[in-house]
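Report on the following structure.
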Amino acid sequence: MPSNDDPRPAKLASSFKTLAQTASELNSATKQLSKTIATLDESLKRLNLGISSWVQFASGGSEDGLIEESLELGYAKINGTWGLAIRSSSWHVQDPDRETSTEWLYADASRELRLRAIEYIPELIERLNKDAQVITLKLNRKIEEAELLAKVVNSIDRETASFTTSQTAVKK
């Protein structure tokens, strides 16, 4: 048991008071950052993109070189909600097909990950644009194919309908 001469309780009390002030400042800054990111996130949602895109913002591996890891910032549908997101992935270099990953909506990721990812938001916006352009081109090509298929099916449907109508008229 500490004696009355022991400086540790007073130092602990002082440290805890300082920590309480620091925590308040940390939480206030986090709240402000969260509001700002939420504004950006809402702007992206209003675009109704419906596509996922990711950019890597960190990578590394184990000291023995057998495990690789990657951190990515993205825009994706996580647990049914579209939004800015962070993904952490790891895999064994000898078996990369057995990748494990965890995804969070941006606001649900740790403060550390959110801070590390912020500077990659412009790169993500660029990636989203490029990916949307590529998908738009693919969609336009598929529209022509779908229109041709619809025309063929519609033609067959009209023939079948007139055949069915004439068969019904004969039976009456």
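The values are calculated or read from the model by the stated rules, or taken from the named source; none is laboratory data. Quantities reported herein were computed from a predicted structural model and do not represent experimental measurements. Here the Cβ positions follow ideal geometry from the backbone for every residue, glycine too, while neighbour counts run over all protein chains shown.
One table, with the values for the structure above:
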item	result
Lone unmet requirement of (1) modelled with pLDDT under 95; (2) on the phi > 0 side of the Ramachandran plot for Gly80	(1)
Filtered residues of segment 83-118 (kept if at pLDDT 95 or above and aromatic (Phe, Trp, Tyr))	Trp104, Tyr106
Single condition Arg127 does not satisfy, out of (1) out of contact with any Lys or Arg (no Cβ under 7 Å at 6 or more places or on another chain); (2) surrounded by 13 or more Cβ atoms within 10 Å (Cβ to Cβ); (3) under 30 Å from Glu25 (Cα atoms); (4) of a type outside the set (Asp, Glu)	(3)
Test: Asp64 is of a type in the set (D, E, K, R) and in contact with a Leu (Cβ under 9 Å, 6 or more places away or on another chain)	no
Qualifying residue in segment 66-73 (condition: more than 23 Å from Arg116 (Cβ to Cβ) and not acidic (Asp, Glu))	yes
